[in-house]
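The values are calculated or read from the model by the stated rules, or taken from the named source; none is laboratory data. Predicted model only: the values in this text are computed from it and were never measured. Virtual Cβ from ideal backbone geometry, glycine too; neighbours counted across all protein chains shown.
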Amino acid sequence: MATINDNYLKLKAGYLFPEIGRRVNAFAAANPDAPIIRLGIGDVTEPLPEACRTAMIKAVEDMGDRSTFKGYGPEQGYGWLREAIATHDFQARGCDISADEIFVSDGSKCDCGNILDIFGNNNTIAVTDPVYPVYVDTNVMAGHTGEASDRGEYGGLIYLPISAENHFTAEIPSQKVDLIYLCFPNNPTGATATREHLADWVNYARANGSIIFFDAAYEAFITDPSLPHSIYEIEGARECAIEFRSFSKNAGFTGTRCALTVVPKTLKGKAADGSDVELWGLWNRRQSTKFNGVSYIVQRGAEAVYSPAGKAQTRALIDFYMENARIIREQLTSAGIQVYGGVNAPYVWVKTPHGLSSWDFFDKLLHTCNVVGTPGSGFGAAGEGYFRISAFNSRDNVNEAMRRIVEKFKS
Ligand SMILES: *Cc1c(COP(=O)(O)O)cnc(C)c1O
């Protein structure tokens, strides 16, 4: 019989979102009339910008005409999209990133996992705690960890705790690590990194020969002009960082699928014989072999994000969610609940009141307010005592959910 990848058996069974689904379904079955509002899942709710839709409709027409029809495109993405990304997302912010360092893909989630293909199996890996679960689980699957402990921490991974005590920014490790995952603005905490904090990481990485995986999926939600949007705004980052970006959250592409990964040509890793090897060539080879590019239609939709109309419409979309975040922050605060995040990110990170555990607060909100959020402990042991509320929802749902919570918790 064929054997399996046993690493999959190390994955913790009761994964966060299935467990939330189980509890919500059980409650809904027992209370069929309860008007449940879901502020739990990190998915967008508002429709695609018109500029993107118009561009995709035009692209469908291109596919219907022999003279403009497209077959396989470049595995790295079409040049016109890579140029638009390099110009608007990077060069406009002073980042020295060229179009051929940008690899267009069908998602940052996939890229965060796939990137491990080009790295060795004996790297020391650091993640923050709490963390986006994809970073951890893809390393478990790749065999980079031991078993999970009772606290849900995998052997071999270095966890860097983040909490209110350290302003949700991890301390730079005292030991040497090879790969570090950073996500700013952060999912789930909504925290941001200052230039100084990122510069500390870049300096650490360069001193230790480490590679930073920088997830900037939420950069468009930054409102504070002093905060960096890209790690390449930091001097020296071209020598130590890979950046992941996505059209999912800024332009509502979660169901349309388009993202990008930046691999600067100046990045190097060590081969077994001790020589330095350029990572760009490895990633280019990986993508050319295992990926056949994003649909032409979707890439035209993504390109439209950078048109004047597209920029205005995505801005309006982000502003809409950020107004939701402001309402959530203001209302919860008025109910005496301590909140973090939600200023430069679409997530509000709530300190559970009365010392409730994350899951006890989840049950309480579900049963007394019929509101669903995400228990912080599901993102890591250090998320215990916290709770994530997402601003991705309709205004009516946000207003109604906050009305119920304020009514219950205001004493
Ligand atoms: C939503 C999200 C992404 C984007 O994933 P896609 O696969 O591009 O939709 C990446 N990182 C984090 C932390 C996210 O929350």
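Within 23 Å of residue 255 (Cβ to Cβ), over 24 Å from the mean Cα position of the chain (by Cα) and touching a residue at least 60 places away in the same chain (Cβ under 8 Å), is that true of residue 24? Criteria met by residue 24.
If I ask for residues that are of a type in the set (Gly, Ala, Ser) and within 16 Å of the ligand (Cβ to nearest atom), which ones from region 177-201 would you list?
Within region 177-201, 190, 191, 193 meet the criteria.
Count of region 249-302 residues, restricted to those that are acidic (Asp, Glu) and more than 15 Å from residue 115 (Cα to Cα), is 2. The C-beta contact set for region 110-124 (first residue under 15 Å from residue 248 (Cβ atoms), second residue away from the ligand (no atom under 11 Å from the Cβ) and among the β-branched types (Val, Ile, Thr), distance under 7 angstrom, 6+ apart or interchain) comprises 112/138.
The rows are residues; the columns are (1) farther than 30 Å from residue 387 by Cα; (2) among the aliphatic types (A, V, I, L, M).
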residue: 277; (1), (2): yes, yes
residue: 282; (1), (2): yes, yes
residue: 304; (1), (2): yes, yes
residue: 308; (1), (2): yes, no
residue: 312; (1), (2): yes, yes
residue: 322; (1), (2): no, yes
residue: 331; (1), (2): no, no
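Within region 251-276, being within 14 Å of the ligand (Cβ to nearest atom), part of a loop (DSSP other than H, G, I, E, B) and surrounded by fewer than 22 Cβ atoms within 10 Å (Cβ to Cβ) holds for 256, 257. Residues satisfying the criterion are present in region 32-45 (criterion: closer than 23 Å to residue 132 by Cα and among the acidic types (Asp, Glu)). Could you tell me whether any residue of region 277-286 is at pLDDT 95 or above, within 16 Å of the ligand (Cβ to nearest atom) and touching a strand residue (DSSP E or B) at 6+ places or on another chain (Cβ under 8 Å)? So far as region 277-286 goes, no, none of its residues is at pLDDT 95 or above, within 16 Å of the ligand (Cβ to nearest atom) and touching a strand residue (DSSP E or B) at 6+ places or on another chain (Cβ under 8 Å).
Helices (runs of 4 or more DSSP H) wholly in region 7-104 with at least 3 residues that are under 18 Å from residue 264 (Cβ atoms) and in the same structural domain as residue 250 (by TED's automatic domain parsing) - which ones?
On the way: elements: 16-30, 50-63, 79-85.
The qualifying helices (runs of 4 or more DSSP H) are 79-85.
Residues that are β-branched (Val, Ile, Thr): list the strands (runs of 3 or more DSSP E) wholly contained in region 280-393 that include at least 2 such residues. So the answer is 347-351.
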